[in-house]
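The values are calculated or read from the model by the stated rules, or taken from the named source; none is laboratory data. Please read all numbers here as calculations on a predicted model, not as lab measurements. Every residue, glycine among them, receives a Cβ derived from its backbone with ideal geometry; neighbour counts consider all protein chains shown. Note: areas computed on protein heavy atoms with side chains; ligands, DNA, RNA excluded. Shrake-Rupley method; radii C 1.70, N 1.55, O 1.52, S 1.80 Å.
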Amino acid sequence: MKNVLILGASGSIATLVTRNLIEDSRVRLTLLVRNPDHLADDIRYDSRVTIVVADVVKDTAHLTTAMQGQDLVYANLYGANLKQQAQAVVSAMTAAKVARIIWISANGIYNEIPGKYGQWNAQMLGSTLTAYAAGAKIIENSRLQYTLVRPAWFSDKDLVSYELTQKGQPFKGTEVSRQSVASYLSALILDPSQAINQSIGISEPHTDGSKPSFY
């Protein structure tokens, strides 16, 4: 049995990951949210999940308690204070002696996107990209066994098709389906020996261009 704590569990990707894993007998899920009403009903009322209501930064005691006995943390967090959120998560994991984390970031945090799409992405994300970069830096500089995941812009396509790039490589593509990202994350959770201390870009193949197709 693998105990998995999902932070920011009401987000769209976290919801898909939860649905992928909720019936897997190998996984026991704990979902941490600020507002449980934002969880999908099929998840919120499922007896196989434990729900913890807390704010990552404001409720550090609750966060550390939720970490106890976990094998892996998947953080699906966002906001202007991502640096502070990352610091709180690292502190809580260290206190609870939990080592493995999957941290969702964004494409462009290293200025790794070539050409017009890189310029468009930076302009569109603005200070949000700065916040993602600051949070990622905290995770990378920690002693945790991390995997950073840097998705392209999300689409609602009904398909799983993706390619991966490593930190230091130019980012490929402009978009990726939510299902694709959830599929990759679910595979990482089930086999967390993959991609340790790596920062992974994820996008749909053959979506190069100046911006995603839906813009």
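Before moving on, here are some points about what is shown:
- Portion, in percent, of the accessible area of segment 54-122 that falls on carbon or sulfur, probe 1.4 Å: 52
- Inter-label distance, nm, simple model (7 Å from Cα along the C-beta direction), residue 122/residue 157: 2.7
- Rh (Kirkwood; distinct C-alpha pairs) - the chain, Å: 17.3
- Residues of segment 57-215: accessible area per residue with a 1.4 Å probe, Å²: 47
- Gained length - residue 197 relative to residue 62, 0.36 nm times residue gap less alpha-carbon distance: 45.9 nm
- Cα point-scatterer Debye curve for segment 101-177, base-10 log of I(q)/I(0) at q = 0.11, 0.12, 0.17 Å⁻¹: -0.28, -0.34, -0.68
- Label sites at residue 44 and residue 22, each approximated as a point 7 angstrom past Cα along Cα to Cβ, lie 1.2 nm apart.
- Reducing segment 197-215 and segment 81-157 to their Cα centroids gives an inter-centroid distance of 16 Å.
- Note on residue 211: lysines with a C-alpha under 29 Å away, same-chain residues under 8 apart excluded, are 83, 116, 137, 157, 167, 172.
- Only protein heavy atoms count here; under a 1.4 Å probe, residue 214 has an accessible surface of about 100 Å².
- Amide H contacts under 5 Å for residue 147, placed H, 5+ residues apart: 101, 102, 103, 197
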